[in-house]
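As structure tokens, the structure follows; a few thoughts come after it.
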């Protein structure tokens, strides 16, 4: 049962006709367990295979077929629970959740109801506002994590008259992570999901790919007057992006406020989010636990874990995002903002460490968050598929550090690297981009620039800003290859500045 004691910050309140309203948000995040086989059968979980090519007799709900628990999936759930600072229950039980749908061949879903494998925990999240500012940290309680099997997939767009069913996903292991209703704004909710995704990716228990549906959220929204009684909630099913989570909450909260202020009441129901219209719409009336007629699965014995098993899993946990962030701030002297961005997931933190090793940590962070992330975003490409690897970016930074190229030329080299032109060394050699460091050659260019602009040279002592004009002339003459520091030093000497 949801209870919500925390009163939100006034900045998070929504203005209605009758004054301020507070949003109460709880999330049920479904994370697909990273495993090679399903929760109760040996069928493959590989994504993108031909429809109905990865379905065992157990998955298809054939009579007499008995489920067998995948021990690895149990270990993954325990590992995730430990990553959430949650209680690991040594006793847990599988139950049958009964409902009927075409992509659920058994006529029930094997889940956990009264005795989940993971109990209460908590994580701290840092919400980000629309302007990119970090807000006050918020502690979000974890109610439970339970294991369950996924349903199949109904495909409605292949025919105007028929629905097709793909059972490849049927029986795949899911971890349902249920939060407490501790969130008070769309930004807190999306930050919570982002933090969860970072944790499961670091642990290797879920790949967190929201586009594939491997991590998705059911969003529970209600509103109340600040500090008042908890309102009737509605659940928005299967929201699969941070942006959609924020949009769905904003729309749903305002819908509730408008109905209540007009004298109406909120019906408890399950809704869907239409990302094209930016609206939620009714899916069905919200079921309660008794509607599913839960009872212990007679084919599965309760799970009884040894404390030694839990202790071993805990001892083998990898470094988690919060610890990596703290280390980046301490070891690399990064700001909280830079460290947070670079530890959002394991791919980013591993990439950064490879680039920063033995190099200027701040420069490495700037290039990664600026040029690399900007190029990837423009190309709609993930970091995992970046044409510029960590070694390649590190090589570019080496050429800046040893003054082979200037920072300005490095921008051009990076663009060519991203387009598949090879390493920085290859491009510098091929394009003849080495920086001119010969002071004699630079001095000759400086003398010519002064001779060609005698009037400005005479006025430079009275107007030192003219130095920039002469720097530009020399850099233009050298096609941007002259060492800027040497150019500045020689010009100051020649102009008497």
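Since every read-out is calculated from the coordinates, none of them should be taken as a lab result. The model shown is predicted, which means the values in this text are computed figures rather than measured ones. Cβ coordinates were reconstructed from backbone atoms using ideal geometry, including for glycine residues, and neighbour counts include every protein chain displayed.
Full extension from residue 434 to residue 254: what is 0.36 nm times the residue separation minus their Cα-Cα distance, to one decimal in nm? Spell out each step's value before the answer.
Values: separation 180, 0.36 × 180 = 64.80 nm, distance 5.91 nm.
Here the segment from residue 434 to residue 254 would lengthen by 58.9 nm.
Just to be sure I follow: if Rg is taken over the C-alpha atoms of segment 221-309 and Rh is the Kirkwood radius over the same atoms, what is Rg/Rh? Mind dumping the intermediate values first?
Working: Rg = 18.2 Å, Rh = 15.8 Å.
That ratio is 1.15, to two decimals.
Using only Cα atoms and rounding to the nearest 10 degrees, what angle (0 to 90) does helix 439-452 make with the longest principal axis of the chain?
Between the helix axis and the principal axis of the chain, the angle is about 70 degrees.
Which percent of Cα-Cα pairs in segment 266-371 sits in each 5 Å bin, short to long?
With a bin width of 5 Å, the distribution comes to 2, 9, 13, 10, 6, 6, 9, 13, 14, 9, 6, 2, 0.
Quick one: helix 466-477 against the long Cα principal axis of the chain, what's the angle to the nearest 10°, folded into 0 to 90?
Its long axis makes an angle of about 90 degrees.
In what order do 242, 175 fall by count of nearby beta-carbon atoms within 10 Å, going from fewest to most? Write down the numbers at each step before the final one.
Numbers: 242 18, 175 24.
Final ranking by Cβ density, sparse to dense: 242, 175.
Once you have the alpha carbon radius of gyration of segment 57-179, what is it after dividing by 2.2 N^0.38 Å, with N set to its residue count?
For segment 57-179, the normalised Cα radius of gyration is 1.34.
Over segment 107-152, what per residue volume does the convex hull of the Cα atoms give, in whole Å³?
111
Across every pair of different alpha-carbon atoms, what Kirkwood hydrodynamic radius in Å does segment 10-309 reach?
Details: mean 1/r = 0.0494 Å⁻¹.
That comes to 20.3 Å for segment 10-309.
How big, in percent, is the set of alpha carbon pairs in segment 359-405 lying more than 16 Å apart?
Tail fraction, whole percent: 38.
Working from Cα positions, state the angle (0 to 90°, nearest 10) between the long axis of helix 242-261 and the longest principal axis of the chain.
60
Looking only at segment 10-309, where both bridge partners belong to it, what percent of the DSSP beta bridges are antiparallel (to the nearest 5)?
Working: 56 of 59 bridges.
The antiparallel proportion sits near 95 percent.
Step by step: find N for segment 319-431, compute 2.2 N^0.38 Å, then divide the Cα radius of gyration by it. What's the final number?
Details: Rg = 13.9 Å, N = 113, 2.2 N^0.38 = 13.3 Å.
In units of the globular-protein estimate, segment 319-431 measures up at 1.05.
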